[in-house]
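Shown next, in structure tokens, is the structure this report addresses.
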Amino acid sequence: MNDEQISDELNDVLPTDFYVEKVEDLPDDFIKGVDISTLIAQEQSGVKYYDLNGKEVDLIDYLAQNSVNYIRIRVWNNPYDSDGNGYGGGNNDLDKAIEIGKRATEAGLNVLVDFHYSDFWADPGRQLAPKAWQEMTVDEKATALYEYTKDSLLELKKAGVNVTMVQVGNETTGSGIAGEKGIEKYQLFKEGSRAIREIDPGIQIALHFTNPEKTDTILNFAKGLSDYAIDYDVFATSYYSYWHGKLENLTNVLQQISQDYNKKTLIAETSYAYTLEDGDGHGNVIGSTSDTDLGGYEATVQGQTNNIRDVIDAANKAGALGIFYWEPAWVPVGKPNWEQNLPVWEKYGSGWASSHAIEYDSNVTESTYGGSAWDNQALFDFNGKALPSIKVFELVNNGYGEVPEREIIEEPKEQFESLLDNPSFEEENLNSYTISEGYVSRLNDTPKDGEYALHFWSDQTIDFDVEQKVFLAPGMYQFNLLMQGDQTGQSENIYAFIKYPDGMLLTSTINLKGYANWQEANIEFTLKESTELIFGLHVTADAEAWGTTDNWLLKKTGDIVQEPSEKDNEESPIDENSAKEEPNEEN
């Protein structure tokens, strides 16, 4: 079938205004991969998939027909409780990897096996060792990882799975791998790599990190691998445009790693929303325009298509091997009703986490377990019917449709006005702040807006204050700030505060909830007379906690009518009843 015939056929099923902009000089062997690790759990839950015409299809065969050439599958050691109840998220044990891998191989696809070395999710905020490894020493754990990797690969190869790439760990950034986040993690990397080389020297070994927007940090990961002489082939990173910065930076980072260390590079995970609606009654990770404003594309099918195309383009410009789209088929198992879907999620593990995972992972609670948090980023609609964006893999080499001229939008300069000096830490001079500890510093590392934020991390117990004094006239005011971070532990005690001349504090508590999950502290108050106040942030947390704070906003919200009297002169200048937060007396 020639290009004209293909175009005529597509015109029958694609919207008339749908388009895919060509990526120039895209190699034929460029990886156009997908991670479909939840497939078996989805099928067990009754999910079916349909092509653009509404005809039922086998998912893997259909992906292959649409130019997908690689399947990525995560593997958890033992994602079950002692009674055999699955933790959810696909219940991705080795048996499921073999089943998906065999089907992918039969469809002529390559397979990337993603060992998490955990019994459940492994990501930047958590790298829990498998239950069976938790009491092991580092040496014992390294041996166990070597044996597990080798035995698992032998089983996959014995089953005929076409394993051509293997990840030693998943998003192994600050939290490390299998519970080891210091230099010990390199011992685990070495043993995983050794096992793979012994099974099949032709398998490409990938090490997977994330946060390419933290340029210095991710380059330091690459340097560490070199310093410790880790044997690997592919430096992989996740890239989600809501969180991970500009595509130009992604390209530059991958190019630099490739040039400096002679390694191949890869986008191991990416995705984008085609709608902000929820399909199953369990809220989604991406669900508001503030998310897509950061992402840079509309939450539409065309916006999703453009995002995928642009990530492919950025990877190709960097000379990367390709990309993997994360969970394009994790669609709802039923109508958007949490209570009705819950028994299915619990039985088959087709939600992000079941109640049974609570015993293992503290990130799973009675109020957070449930369904898919990704259904609006699939390449299929809520009923399992393919979206036009599924065609991007097929069409990106030559382009399709009438591509409109892209509007170049100048990024607006941050219009952030605050009565505080240097409120978003963009200025290098921090003399207006009193910072109690040296591990708190201004870094180009996960700012909410702009280029900089105030960052903290230490391998010792965290305990610091950041303060700024301001003289304010009478009036009504609001003070708020933003924070994100994780690994604060049992000692977490974080709050924004306002300190008055008599020592009284007004506070607003913050509980950190993970990377790029910004939490806000807010205090409203009224001053009856001109007063010098101290505005600040207090953080107590466990060793290894990390986070950033940004956008310290202090603004006047209104005037007060003053009626001077003897009584007024005797009263405190602070109207305690006006504060939104309960005042605490400072000891």
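Where a number appears in this text, it was derived from the coordinates with a stated rule and is not lab data. This one's a predicted model, so the numbers in the text were calculated from it and none came from an experiment. Please note: Cβ atoms are built from the backbone with ideal geometry, for glycine as well, and neighbour counts cover all protein chains shown.
Ordered by residue, what ³J(HN,Hα) values in Hz, to whole numbers, does the range 92-97 give under the Karplus form 6.51 cos²θ - 1.76 cosθ + 1.60, where θ = phi - 60° and Gly and Pro are x?
Values, residue by residue: 7, 8, 5, 4, 5, 4 Hz.
Taking 7 Å along the Cα-to-C-beta vector as the label spot, tell me the THR143-GLN65 distance in nanometres, rounded to one decimal.
5.2 nm
Can you work out the base-10 log of I(q)/I(0) for the range 270-349 at q = 0.11, 0.19, 0.24 1/Å, using the Debye formula on its C-alpha atoms alone?
Each listed q maps to, in turn, -0.39, -0.89, -1.12.
Students often get this wrong: which residues of the range 30-49 have the backbone nitrogen under 13 Å from the point 7 angstrom along Cα-to-C-beta of GLU99?
37-47
Pulled fully out, how much extra length does the chain show between GLN460 and ALA473, if you take 0.36 nm times their separation in residues and subtract their Cα-Cα distance?
0.6 nm
Please report the spacing between the Cα centers of the range 227-270 and the range 447-478 in Å, no decimals.
32 Å
From the list (i) 26.4, 88; (ii) 35.8, 100; (iii) 26.1, 93, can you say which value of Rg and Dmax of the Cα atoms in Å was derived from the structure given?
Step by step, Rg and Dmax of the Cα atoms in Å for this structure corresponds to label (iii).
Of ILE534, ASN91, THR210, whose Cα points farthest to the positive end of the dipole of the chain (charges on the beta-carbon: +1 Lys, Arg; -1 Asp, Glu; origin at the Cα centre)?
Looking along the dipole axis, the top candidate is ASN91.
Work out the charge dipole of the chain with +1 on the Cβ of Lys and Arg and -1 on the Cβ of Asp and Glu about the Cα centre, then indicate which of ILE462, THR164, PHE120 is farthest towards its positive end.
Toward the positive end, the furthest listed residue is THR164.
Under a crude label model (7 Å from the Cα following the beta-carbon direction), how far is GLU524 from ASP200 in nanometres?
Using points 7 Å along Cα→Cβ, the separation is 6.2 nm.
With a 10 Å Cβ neighbour count serving as the proxy for reagent exposure, in which order, fewest first, do LEU554, LEU39 appear?
In increasing order of surrounding Cβ atoms, one gets LEU554, LEU39.
Would you list ILE230, ILE462, ILE523 from fewest to most Cβ contacts within 10 Å?
The fewest-first ordering by Cβ neighbours comes to ILE230, ILE523, ILE462.
Once every DSSP H run of n ≥ 4 in the chain is given -39500 (n - 2.57) and the sum is divided by its residues, what mean residue ellipticity at 222 nm do you get, rounded to the nearest 500 deg cm²/dmol? Walk me through the intermediate numbers first.
Values: 13 runs with 144 residues, N = 587.
Estimated from H runs of four or more residues: -7500 deg cm²/dmol.
What size of dipole, in debye to the nearest 20, comes out for the chain about its Cα centre when the only charges are +1 on Lys and Arg C-beta atoms and -1 on Asp and Glu C-beta atoms?
I would put it at about 1940 debye.
Give, as ranges by residue number, the residues of the range 306-339 whose backbone N falls under 14 Å from the point 7 Å along Cα→Cβ of ASP25.
Only 313-320 pass the distance filter.
Quick check: pseudo-label points 7 Å beyond the Cα along Cα→Cβ at LYS55 and GLU532, how many nm apart are they?
8.0 nm
Give the residue from HIS244, SER418, MET504 lying farthest towards the positive end of the charge dipole for the chain; charges sit on Cβ (+1 for Lys and Arg, -1 for Asp and Glu) and the dipole is referred to the Cα centre.
HIS244
Given 0.36 nm per residue, what is the gain on full extension from ASP542 to ASN493 after removing their alpha carbon distance, in nm?
Values: separation 49, 0.36 × 49 = 17.64 nm, distance 0.99 nm.
Result for the pair: 16.7 nm of gain on full extension.
Exactly which chymotrypsin sites (Phe, Trp or Tyr not before Pro) in the range 247-355 are in a DSSP loop and have at most 16 other Cβ atoms within 10 Å?
Passing both the DSSP loop test and the Cβ count: no residue.
My understanding is that a pair violates if its Cα-Cα distance is over 29 Å; which of LYS32/LYS55; LYS214/LYS347; LYS32/LYS150; LYS158/LYS391 do that in this structure?
With Cα atoms farther than 29 Å apart: LYS214/LYS347; LYS158/LYS391.
In the range 265-369, which trypsin sites (Lys or Arg not before Pro) fall in coil by DSSP and have 11 or fewer other Cβ atoms within 10 Å? Before the final figure, lay out each step's value.
Numbers: sites: ARG309, LYS317, LYS347; in loops: none.
Qualifying residues, ordered by number: none.
Taking 8 Å as the Cα distance limit and 6 or more residues as the minimum spacing, I'd like the relative contact order of the chain as a percentage.
Once normalised by length, the contact order is 14 percent.
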